[in-house]
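Working notes for the structure below.
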Amino acid sequence: MVAARFARGSSGPGMGEAEQHASASSSVSAARLESVLDTAVDAILVINEKAQILVYNRACEKLFGYSPQETLGRNIRMIMPADYAGAHDGYMTNYMTTGHRKIIGIGREVRARHRDGTEFPVELSVGETETPEGRQFIGIIRDLRPRKEQERRVNELQADLVHMARVSAMDEMGAALAHELNQPLTAIMLYLQAASRSLARSPNGVPAAPDVFRQVLEKAVHEAERAGGIISRMRQFVEKRDPQRRAVDLNAVVEEAVELTLLGLRTNARMDRSFAAALPPAVVDPIQIQQIVVNLLRNAFEALRDRQDGIVRVSTSRQGDSFVVAVEDNGPGLPPGIVPTLFKAFSSSKRSGMGLGLSISRAIAQNHAGDLTVDPGGNGRGARFELRLPMIAVPEADEGDDVDTMPAATPPSSASGVDA
Amino acid sequence: MAVHIVEDDPGVSDSLLMFLQGMGLVAYTYPDAESFFEADPPQPDDTIIVDLLLPGISGAGVIRWLQELKEPPRVIAISAQSQSAIEKQIRGISGVEILRKPLSSELISQIV
Ligand SMILES: Nc1ncnc2c1ncn2[C@@H]1O[C@H](COP(=O)(O)OP(=O)(O)O)[C@@H](O)[C@H]1O
Ligand SMILES: [Mg+2]
């Protein structure tokens with residue numbers, strides 16, 4: 001390419017008298033190319049082997065805040081964050097000597113730096129060309145901030161929706177949960193009354209045995225703890241917090257979901273658990289996985305309403321590189337018409353059903369790189385749902401750190417040096 | 001006279017027992033309707049406290065059974081459900097006192 005000839009500014013590096021003379025003859029095509037460069041929406045840069053900037057189009061001015069006068073002839077480092085500006089010359093030397101490509105012809109997401117010090121994500125593609133003045137590298141840079149912002153908004157909306165579904169499930173369970181809280185409260189009141197009565201009686205002769213008295217108080221404490229446990233279980237489930245993935249015991253997550261479901265449901269169906277022993281830790285958002293299992297269990301119990309011999313079976317197992325959580329009931333199976341749209345939103349056969357449970361459950365599963373599938377049953381067989389989650393090696397460092405729940409929109413950040 | 005407590009929640013059942021025993025009453029507990037039916041039938045001057053929501057045979061079933069006895073004992077139904085849910089369950093049954101949970105002890109001592 002002829003990029004070096006379009007260096008604006010007094011004296012382009014490497015431009016001898018002869019070349020300046022020669023360039024006059026191609027000034028028309030030079031002007032045309034310059035106008036093309038300046039019309040481009042993407043920032044376009046050309047550097048030489050010494051990393052000096054030779055071309056810096058108008059979009060660059062907007063993106064980086066420097067004028068062409070400030071940049072032409074200077075090292076490309078000036079538009080890189082400090083942490084890899086220092087390494088860039090090394091990358092270039094490395095490429096020049098070994099020919100090993102890390103970015104050329106590949107393109108990747110990196111960080112750039114504005115004149116005011118702001119760092120921001122960009123997508124960088126680099127091309128290479130031989131010129132009489134040596135090798136030159138052409139970089140095309142696209143600002144990723146608008147896309148990131150949009151991704152962030154989408155993630156936020158999805159997280160809100162998933163949270164809203166939890167709140168709505170809790171709302172449906174509300175009456176039963178209030179019932180469940182009334183039990184320990186009743187017990188506490190009666191224990192404390194019994195204790196205070198025994199004290200009141202003691203002056204007229206029969207003193208309450210201190211160990212009996214203490215026993216009653218301990219029972220009251222136990223009931224208070226039970227009430228507290230119900231509250232914190234509910235709160236954990238509905239609290240709005242950022243999606244968080246960490247290494248957890250899948251059996252414990254499923255058990256928690258079973259407890260919560262049973263709290264919020266009056267049923268005479270039996271609950272049958274069979275948990276695989278010695279499962280490796282699962283890297284998931286535990287509350288979201290709990291949300292899926294609660295949805296499946298509630299659906300199963302609802303399918304067994306008005307049945308005397310209902311059984312809901314929940315199991316965990318390991319199949320190859322996946323965890324499988326299965327929820328199965330001995331109800332009527334899925335209504336035939338509903339199967340094609342089952343996992344779509346607002347697909348419900350219930351009078352008060354929102355039909356969101358399964359669609360959100362599948363979205364959560366897929367965002368965990370897993371899936372939710374169904375064997376619809378029917379003809380005397382109940383439905384069987386299977387949640388499949390990939391077995392992922394437990395991240396060593398930053399365990400418990402935020403990992404976006406909606407990776408569909410957020411590829412793992414590859415922001416690293418602009419290595420040649 | 002004795003008080004029979006038919007209640008599946010162990011905390012509620014045990015605290016009621018302690019409370020009534022503390023008032024000098026003789027009381028027994030049963031975790032479900034089935035075990036209550038297996039025991040000796042209650043005396044006419046006994047009181048039965050029955051939770052409406054029981055696993056298996058319901059509280060309403062216990063009440064109906066008691067009311068068919070030659071000399072029905074006194075029955076107090078307890079429930080932590082909403083008023084409308086309670087009414088639905090004891091529809092067609094009369095002469096039952098109902099206490100909603102959480103139970104206030106004054107109320108119980110008044111009745112017992
Ligand atoms: N275990 C099951 N047995 C029978 N039908 C089921 C079962 N689980 C789900 N369904 C059907 O799938 C529909 C959609 O379920 P879901 O997405 O959870 O929404 P909702 O529970 O609000 O109706 C239900 O209305 C029901 O018809
Ligand atoms: Mg549902």
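The values are calculated or read from the model by the stated rules, or taken from the named source; none is laboratory data. Because the structure is a prediction, the values reported are computed rather than measured. With ideal geometry, Cβ positions are generated from the backbone for all residues, glycine too; neighbour counts draw on all protein chains shown. When the accessible area is computed, the model is the full protein with side chains, heavy atoms only, and any ligands, DNA or RNA have been set aside. Shrake-Rupley method; radii C 1.70, N 1.55, O 1.52, S 1.80 Å.
A quick yes/no check of all residues on (1) over 30 Å from A:ALA227 (Cβ atoms); (2) free of Cβ contacts under 8 Å to residues at least 40 places away in the same chain; (3) surrounded by 15 or more Cβ atoms within 10 Å (Cβ to Cβ):
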site: A:ASP89; (1), (2), (3): yes, yes, yes
site: A:ARG111; (1), (2), (3): yes, no, yes
site: A:ARG135; (1), (2), (3): yes, no, no
site: A:LEU144; (1), (2), (3): yes, yes, yes
site: A:ARG153; (1), (2), (3): yes, yes, no
site: A:VAL162; (1), (2), (3): no, no, yes
Please specify each residue of the range B:52-77 satisfying the condition of being over 21 Å from B:ARG100 (Cβ atoms) and surrounded by 15 or more Cβ atoms within 10 Å (Cβ to Cβ).
-> B:ILE57, B:TRP65, B:PRO72, B:PRO73
Do you know which of the residues in the range A:131-176 that are among the basic types (Lys, Arg) and touching an Asp or Glu at 6+ places or on another chain (Cβ under 7 Å) is nearest to ligand 2 (Cβ to nearest atom)?
-> A:ARG142
Specify which of the listed residues (A:ALA345, A:ALA363) is more than 14 Å from chain B (Cβ to nearest Cβ) and near ligand 1 (Cβ under 9 Å from one of its atoms).
-> A:ALA345
Confirm whether A:ASP272 is within 14 Å of another protein chain (Cβ to nearest Cβ) and more than 9 Å from ligand 1 (Cβ to nearest atom).
-> no
Log entry, pairs with first residue in the range A:347-360 being farther than 13 Å from A:LEU334 by Cβ, second being within 8 Å of ligand 2 (Cβ to nearest atom) and acidic (Asp, Glu), beta carbons closer than 6 Å, six or more apart or on different chains, reads none
Is the range A:328-348 home to any residue that is within 13 Å of ligand 2 (Cβ to nearest atom) and open to solvent by 60 Å² or more (accessible area, probe 1.4 Å)?
-> yes
So which of A:GLU172, A:GLU218, A:GLU180 is over 24 Å from the mean Cα position of the chain (by Cα), at the interface with chain B (Cβ under 9 Å from one of its Cβ atoms) and part of a helix (DSSP H, G or I)?
-> A:GLU180
Index of the failed condition, A:ALA51 passing every other in (1) surrounded by fewer than 16 Cβ atoms within 10 Å (Cβ to Cβ); (2) at positive phi; (3) of a type in the set (A, V, I, L, M) | (1)
For A:ILE231, the lone unmet condition from (1) under 24 Å from A:LEU389 (Cβ atoms); (2) part of a helix (DSSP H, G or I); (3) touching a residue at least 24 places away in the same chain (Cβ under 8 Å); (4) more than 13 Å from ligand 1 (Cβ to nearest atom) is (1)
Collect the residues in the range A:58-102 that are outside any helix (DSSP H, G or I) and farther than 18 Å from A:PHE120 by Cβ, keeping them in residue-number order.
-> A:SER67, A:LEU72, A:GLY73, A:ARG74, A:ASN75, A:GLY99, A:HIS100, A:ARG101, A:LYS102
Looking at A:ASP309, is it more than 23 Å from A:MET170 (Cβ to Cβ), within 14 Å of chain B (Cβ to nearest Cβ) and more than 8 Å from ligand 1 (Cβ to nearest atom)?
-> yes
Filter the range A:274-327 for residues that are open to solvent by 60 Å² or more (accessible area, probe 1.4 Å) and closer than 23 Å to A:SER359 by Cα; which is farthest from ligand 2 (Cβ to nearest atom)?
-> A:ARG313
Search result, residues across the range A:349-360 that are open to solvent by less than 50 Å² (accessible area, probe 1.4 Å) and more than 7 Å from ligand 1 (Cβ to nearest atom) = A:ILE360
Take the residues in the range B:78-89 that are open to solvent by less than 20 Å² (accessible area, probe 1.4 Å) and free of Cβ contacts under 8 Å to residues at least 40 places away in the same chain, then tell me which one is nearest to the other protein chains (Cβ to nearest Cβ).
-> B:ALA80
Filter the range B:5-46 for residues that are open to solvent by 10 Å² or more (accessible area, probe 1.4 Å) and assigned to a strand (DSSP E or B) and give the result.
-> B:VAL26, B:ALA27, B:TYR28, B:THR29, B:TYR30
In contact (Cβ under 8 Å) with a residue 60 or more places away in the chain and assigned by TED's automatic domain parsing to the domain that holds A:ASN57: does that describe A:VAL126?
-> yes
